[in-house]
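Heads up: the structure comes next, in structure tokens.
The values are calculated or read from the model by the stated rules, or taken from the named source; none is laboratory data. Here the structure is a predicted model, which is why all the values come from computation and not from measurement. With ideal geometry, Cβ positions are generated from the backbone for all residues, glycine too; neighbour counts draw on all protein chains shown. Remember, those area values only see protein heavy atoms, side chains included, never the ligands or the DNA or RNA. Shrake-Rupley method; radii C 1.70, N 1.55, O 1.52, S 1.80 Å.
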Amino acid sequence: MKKQEKWIKRRHSVFTELARAVMTPVVRRRYGLKPERFSEQGKRAYLILYNHQTPFDQFFVGMSFQGPLYYVASEDIFSNGFVSSLIRFAVAPIPIVKQTTDLKAVKTCIRVAKEGGSIAIAPEGNRTYSGKTEHINPAIAGLAKKLGLPIALYRIEGGFASEPRWSDAVRKGNMRTYVSEVIEPEELAAMSTDALYQRIVSGLSVNDCEAGGSYPSDRKAEYIERAVYVCPFCGLSTFESSGNEVTCKTCRRRVVYGEDLSLSGVGYAFPYRHMADWYDAQKTFVNALDLAPYIDHPMFTDVADVYDVALHKKKQLILESAPMRLYGDRIEIDLDGAPSVFRFSELHAVTVLGHNKLNLYVDGRTVQCKGDRRFNALKYVNLYYHWKNLNGGDTDGKFLGL
């Protein structure tokens with residue numbers, strides 16, 4: 001039998017140093033940030049766990065550590081043709097299918113650890129939409145114990161305030177990125193899996209909305225409709241943003257997003273102080289929502305370009321500007337003149353990537369929907385998981401996919 005080729009290559013160190021040299025001035029110019037170096041690293045390999053706030057988080061981590069790091073990365077970066085091939089050749093990230101138990105990714109992590117490599121994972125699996133650290137899958141604690149590497153908990157603070165996930169604009173303010181604590185292998189071995197999980201959650205929990213500071217911009221609220229779809233006065237709704245304001249298209253109430261991340265109504269009292277409050281209230285609304293009225297009538301309608309995505313292959317366009325509808329138990333997308341029905345009961349997972357790309361996983365196939373710049377993919381994820389909670393008998397379920 002042919003011997004398995006090593007994952008770690010000498011060239012990864014070369015490309016990593018080149019990337020650091022290029023990205024260091026980019027990060028400083030974009031965010032005004034100098035990530036803190038982890039001087040205690042030495043030559044040891046680590047499992048690096050970091051909270052996920054910006055599209056540049058992996059560069060912050062890479063600038064704090066020495067040597068190549070092997071990032072667990074969404075499968076979306078592996079479906080962009082030549083660029084994906086170059087990334088695989090240069091730094092060999094570990095692909096994972098989001099919102100699934102990907103045993104192949106686990107085996108690759110074990111392989112890299114045995115070869116002496118450092119592994120970097122954002123255990124939320126998603127960038128925060130609200131400024132608060134998202135749900136962390138408890139499976140990360142089991143993986144950490146299996147790997148047996150020292151764990152470096154890496155905190156990113158002020159990243160959401162500087163570049164909210166729903167925004168295309170960067171606003172400079174106070175940011176800090178650093179290793180907050182290390183869990184040594186001896187301590188790791190003595191801890192229960194549950195205790196380790198709680199330690200990880202505590203170490204990575206950040207709420208930018210409560211941290212204070214000023215983040216000036218003239219586009220502070222732009223594209224906030226990628227994140228919100230529930231109005232405190234109207235319920236399910238659609239929104240439209242411009243500059244520093246967002247407007248509910250149902251009741252026409254306007255909300256201003258402030259430099260201190262505060263929310264305020266124009267001519268009325270808005271009930272939420274920050275995006276974290278609005279986001280939490282939106283989840284509470286969805287968790288209490290009766291889906292029965294939306295079996296025959298859609299909750300939302302959208303238009304999106306639809307792609308077929310395969311790992312290590314360039315994604316293929318199926319149809320541009322396809323009408324799509326979100327119902328209480330399914331998603332319908334008009335392809336080839338007829339609706340393709342993606343029933344929640346048949347979907348393995350639904351997730352959002354980047355700002356607002358929607359991935360549907362069904363029968364070994366990944367279908368990606370990319371709407372316009374105002375497209376809200378989050379609502380599809382939340383409503384799918386709400387249906388899953390209800391129909392799995394978990395009426396107290398609160399997890400809505402992020």
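Within the stretch 59-76, identify whether any single residue is touching a Cys at 6+ places or on another chain (Cβ under 8 Å) and closer than 21 Å to SER205 by Cα, and answer yes or no.
Yes, because at least one residue in the stretch 59-76 is touching a Cys at 6+ places or on another chain (Cβ under 8 Å) and closer than 21 Å to SER205 by Cα.
Going through GLU187, GLU124 one at a time, which residue ends up being among the charged types (D, E, K, R) and surrounded by fewer than 20 Cβ atoms within 10 Å (Cβ to Cβ)? Please lay out each step first, then the result.
On the way: GLU124 fails: surrounded by fewer than 20 Cβ atoms within 10 Å (Cβ to Cβ).
That would be GLU187, the only listed residue that is among the charged types (D, E, K, R) and surrounded by fewer than 20 Cβ atoms within 10 Å (Cβ to Cβ).
Show the residue pairs that are 6+ apart or on different chains and have beta-carbon atoms under 7 Å apart, the first residue being within the stretch 381-402 and more than 18 Å from GLU346 (Cα to Cα), the second being acidic (Asp, Glu).
Sorted first by the residue in the stretch 381-402, then by its partner, the pairs are LEU402/GLU134.
Suppose we filter VAL182, VAL206 for residues that are surrounded by 17 or more Cβ atoms within 10 Å (Cβ to Cβ), of a type outside the set (Lys, Arg) and in contact with a strand residue (DSSP E or B) (Cβ under 6 Å, 6 or more places away or on another chain); which single one remains?
Values: VAL182 fails: surrounded by 17 or more Cβ atoms within 10 Å (Cβ to Cβ).
Matching residue, one of VAL182, VAL206: VAL206.
Are there helices (runs of 4 or more DSSP H) fully within the stretch 1-94 with at least 2 residues that are closer than 19 Å to ARG127 by Cβ and either in contact (Cβ under 8 Å) with a residue 24 or more places away in the chain or more than 24 Å from the chain's Cα centre (by Cα) (or both)? List them.
10-31, 57-64
Could you check how many residues of the stretch 127-147 are of a type in the set (S, T, N, Q) and surrounded by fewer than 21 Cβ atoms within 10 Å (Cβ to Cβ)?
Here is the first cut: in the stretch 127-147, the residues of a type in the set (S, T, N, Q) are 128, 130, 133, 137.
Imposing the further condition that a residue be surrounded by fewer than 21 Cβ atoms within 10 Å (Cβ to Cβ) reduces the set to 137.
Here the count works out to 1.
Restricting attention to the stretch 196-205, which residues are in a helix (DSSP H, G or I) and within 22 Å of the chain's Cα centre (by Cα)? Quick ask: steps written out before the conclusion?
Applying the first criterion (in a helix (DSSP H, G or I)) to the stretch 196-205 yields 196-204.
Across the stretch 196-205, the qualifying residues are TYR197, GLN198, ARG199, ILE200, VAL201, SER202, GLY203, LEU204.
Would you say ARG373 is in contact with a Phe, Trp or Tyr (Cβ under 8 Å, 6 or more places away or on another chain), open to solvent by 60 Å² or more (accessible area, probe 1.4 Å) and over 25 Å from HIS135 (Cα atoms)? Lay out the reasoning, then the answer.
Working: in contact with a Phe, Trp or Tyr (Cβ under 8 Å, 6 or more places away or on another chain): yes; open to solvent by 60 Å² or more (accessible area, probe 1.4 Å): yes; over 25 Å from HIS135 (Cα atoms): yes.
Yes; evaluated as a whole, the condition is true for this residue.
Can you tell me which of VAL306, VAL341 is more than 27 Å from PRO95 (Cβ to Cβ) and at pLDDT 95 or above? Please lay out each step first, then the result.
Details: VAL306 fails: more than 27 Å from PRO95 (Cβ to Cβ).
Checking each option against the conditions leaves just VAL341.
Just checking, how many residues over the stretch 215-228 are closer than 15 Å to GLY131 by Cβ and assigned to a loop (DSSP other than H, G, I, E, B)? Quick ask: steps written out before the conclusion?
Pass one, the stretch 215-228, residues closer than 15 Å to GLY131 by Cβ: 215, 220-221, 224, 226-228.
So of that shortlist, the ones also assigned to a loop (DSSP other than H, G, I, E, B) come out as 215, 220-221, 227-228.
The number of residues fulfilling the criteria is 5.
Tell me, which helices (runs of 4 or more DSSP H) lie completely within the stretch 119-195 with 1 or more residues that are touching a helix residue (DSSP H, G or I) at 6+ places or on another chain (Cβ under 9 Å) and within 21 Å of GLN66 (Cβ to Cβ)?
Working: elements: 139-147, 159-162, 185-190.
Of the helices (runs of 4 or more DSSP H) lying wholly inside the stretch 119-195, those with at least 1 residues that are touching a helix residue (DSSP H, G or I) at 6+ places or on another chain (Cβ under 9 Å) and within 21 Å of GLN66 (Cβ to Cβ) span 139-147.
So that you can scan it fast, the table gives a plain yes or no per residue for (1) open to solvent by 60 Å² or more (accessible area, probe 1.4 Å); (2) touching a Phe, Trp or Tyr at 6+ places or on another chain (Cβ under 9 Å); (3) farther than 28 Å from GLY173 by Cβ:
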site	(1), (2), (3)
VAL228	no, yes, no
THR247	no, yes, no
HIS274	no, no, no
ASP277	no, no, no
ALA288	yes, no, yes
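Restricting the stretch 249-272 to residues that are in a loop (DSSP other than H, G, I, E, B) and either touching a residue at least 60 places away in the same chain (Cβ under 8 Å) or charged (D, E, K, R) (or both), which is least open to solvent (accessible area, probe 1.4 Å)? Show your work before the answer.
Taking the stretch 249-272 and keeping what is in a loop (DSSP other than H, G, I, E, B), we get 249-253, 258-261, 266-272.
Then keep just the ones that are either touching a residue at least 60 places away in the same chain (Cβ under 8 Å) or charged (D, E, K, R) (or both); that gives 249, 252-253, 259-261.
Values: LYS249: 102, ARG252: 145, ARG253: 89, GLU259: 83, ASP260: 83, LEU261: 5 Å².
Top of the filtered list is LEU261.
Scan the stretch 148-178 residue by residue and report those that are among the basic types (Lys, Arg) and either buried (at least 20 other Cβ atoms within 10 Å of the Cβ) or closer than 30 Å to VAL106 by Cβ (or both). Working first, answer last.
Filtering the stretch 148-178 down to residues among the basic types (Lys, Arg) leaves 155, 165, 171-172, 176.
Matches in the stretch 148-178: ARG155, ARG165.
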